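Take a look at the structure set out below.
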């Protein structure tokens, strides 16, 4: 697989998890995801090491407990540039994995705060344009919205404006989802770092990211019609 294929795969994975986060936001499932994270930490405190072998525990929690149990508190490789020859081909580099997830979160946060312009055109003519600012403020302008002479918009123009508003709604949902995803992953990684004994949230990022993705994907699968 060449570099362009790898970049495409990463972009697809990012788009997938953002879509899951958007769905969780619109369906009120995000609170449940955060609540499961809190319950998982309480279970670790109460029950300890046998949790990863409990088949009654959902997969995301069981993988999280396994990550806590197998964490190496002495991991000191903080550079993502350490190659496999230095560490051994069979020994994973926790910091490199954490750096990769950190880069994903940085991209998501950059997109969440970027200035975005949304345009709606019909037959090449601008109907409406909205600029979403750094703080989420929206500035809209109407283009060619010819009416029928009495101040009302023609039906097709009205439909186009409805489509524009829908595109704006989708963009704002995605921005909120990206921000929530980043902040929640970082929050969980900080708590995981303490539970894993590493004291370094970077090393806990992969486990936090995997747990949140797992819970969101599980929720979507449950809600899919049979």
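Structure summary
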| read-out | value |
| --- | --- |
| Pairwise FRET efficiency - residue 106 versus residue 13, Cβ, R0 = 22 Å, nearest 0.05 | 0.90 |
| Pair residue 135, residue 66: separation of 7 Å Cα→Cβ label points (nm) | 4.6 nm |
| Net length gained if the chain between residue 158 and residue 170 were fully extended (0.36 nm per residue, minus Cα distance) | 2.5 nm |
| Sequence of 118, 68 once ranked by neighbouring C-beta atoms within 10 Å, starting from the fewest | 118, 68 |
| Stretch gain in nm, segment residue 59-residue 210, where the contour uses 0.36 nm per residue and the Cα spacing is subtracted | 53.3 nm |
| Förster-model FRET efficiency, 30 Å R0, residue 218 and residue 45, C-beta, rounded to 0.05 | 0.80 |
| Sequence of 14, 61 once ranked by neighbouring C-beta atoms within 10 Å, starting from the fewest | 14, 61 |
| Förster-model FRET efficiency, 41 Å R0, residue 190 and residue 117, C-beta, rounded to 0.05 | 0.70 |
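The numbers here are math on the coordinates, done by the rules we state, and not lab data. Keep in mind it's a predicted model, so treat the numbers as computed, not measured. Glycine also receives a Cβ, built like all others from the backbone with ideal geometry; neighbour counts cover every protein chain displayed.
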